[in-house]
1. Just to be sure I understand, how many residues within region 1-50 are surrounded by 14 or more Cβ atoms within 10 Å (Cβ to Cβ), more than 30 Å from the chain's Cα centre (by Cα) and basic (Lys, Arg)?
2. Can you go through ILE66, ILE26 and tell me which one is within 30 Å of PRO140 (Cβ to Cβ) and either in contact with a Lys or Arg (Cβ under 7 Å, 6 or more places away or on another chain) or of a type in the set (A, V, I, L, M, F, W, C) (or both)?
3. Run ALA168 past the list (1) at pLDDT below 85; (2) open to solvent by 60 Å² or more (accessible area, probe 1.4 Å) and report the number of the one that doesn't hold.
4. In region 93-110, what residues are open to solvent by 10 Å² or more (accessible area, probe 1.4 Å) and either over 14 Å from GLY77 (Cβ atoms) or without any contact (Cβ under 8 Å) to a residue 12 or more places away in the chain (or both)?
5. State all residues of region 64-75 that are touching a strand residue (DSSP E or B) at 6+ places or on another chain (Cβ under 7 Å), open to solvent by less than 70 Å² (accessible area, probe 1.4 Å) and free of Cβ contacts under 8 Å to residues at least 60 places away in the same chain; if no residue qualifies, say none.
6. Which condition breaks for VAL36 when tested against (1) over 23 Å from PRO140 (Cβ atoms); (2) of a type in the set (A, V, I, L, M, F, W, C); (3) in a strand (DSSP E or B); (4) in contact (Cβ under 8 Å) with a residue 12 or more places away in the chain?
7. Testing GLY53 on (1) assigned to a strand (DSSP E or B); (2) touching a Gly at 6+ places or on another chain (Cβ under 7 Å); (3) within 17 Å of THR130 (Cβ to Cβ), one condition comes back false. Which one is that?
Amino acid sequence: MRDQVITINRVSKVVKGGRRCSFGAIVAVGDGNGKVGVGHGKANEVPEAIRKGNDQARKSMIKIPIIDETIPHESLGVSNAGRVLLKPASAGTGVIAGGAVRSILELAGVSNILTKSLGSNNPHNVVHATMKALRQLNDPDEYRQRLGQEIPEEEDEEEAAEEQKEEAKAAKEDEKQKEEATEAKGSSDEDTGTDESGDDEKSES
C-alpha cells in the first residue's frame, strides 16, 4: 500500500492573543492494483495532519476496474466547479495528467490514460471530481449481468495453446502423408517405365 501527499494547506486564525496556525493535508492511498482512496486531515502540526488524512483515505478506498492497464470507458466527474474527464488510451500512451489527477491514477495502478481538467484547478475540487469519475466506471462483465445479458465464456490460455499444438501436429502429419504418397507414386511410375522398355527389347529380338 502506497500513499502520497497531494497538497498541504496552512490556515491562520486570528485570536485574542495573536494568530493560531493549523494545517490541512490531502492524502491519496492506493495499492497499484485498482484500489485507491483520498482523505483530508487537519491538525496543528503537519505530520499529524498527514496521518489523519492517511487514515481517512484508507477508510474511503474504492475498487475500480482496470482492463489492459487502462479504464474500460470514458468518464466525467463533477465536484462543485471542478470537472475532470477521463478517457481510455492505448498501450504505451502513459498517464497524461497533472497534479492531483496523476497522483490518484498512478496509485490506482492505471498506466495508460488521457485526462483533462475542464473546470476549477482547486486541489479539493479536482480530487473529488477525479474520485467521482472513477466511481462511475463499470466493469463490462458486471454491466452485462445487470442488463441480463450472457457473459461470453473465454477459453483458458492453456487450452488454446494445446489446441494450437494439436492443429500444428495434425498439419505436419498431413504433409508427411502427402510426401509419402508422392514418393510412392514416383516409384511406381519408374517401375512401369522399366517394364515397358523391357517389353520393347523382347519384341525387337
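1. Number satisfying all stated conditions: 1.
2. The match here is ILE66.
3. (2)
4. Once the filter is applied, which keeps residues that are open to solvent by 10 Å² or more (accessible area, probe 1.4 Å) and either over 14 Å from GLY77 (Cβ atoms) or without any contact (Cβ under 8 Å) to a residue 12 or more places away in the chain (or both), region 93-110 yields THR93, GLY94, VAL95, ILE96, GLY98, GLY99, ARG102, SER103, GLU106, GLY109.
5. The answer is THR70, and nothing else.
6. Among (1) over 23 Å from PRO140 (Cβ atoms); (2) of a type in the set (A, V, I, L, M, F, W, C); (3) in a strand (DSSP E or B); (4) in contact (Cβ under 8 Å) with a residue 12 or more places away in the chain, VAL36 violates only (1).
7. (1)
The values are calculated or read from the model by the stated rules, or taken from the named source; none is laboratory data. Only a predicted model underlies this, so the values are computations on that prediction, with no experimental measurement involved. For neighbour counting, all protein chains shown are included, and Cβ atoms are generated from backbone atoms with ideal geometry for every residue, glycine included. Keep in mind that these areas ignore ligands, DNA and RNA; they rest on the heavy atoms of the full protein, side chains included. Shrake-Rupley method; radii C 1.70, N 1.55, O 1.52, S 1.80 Å.
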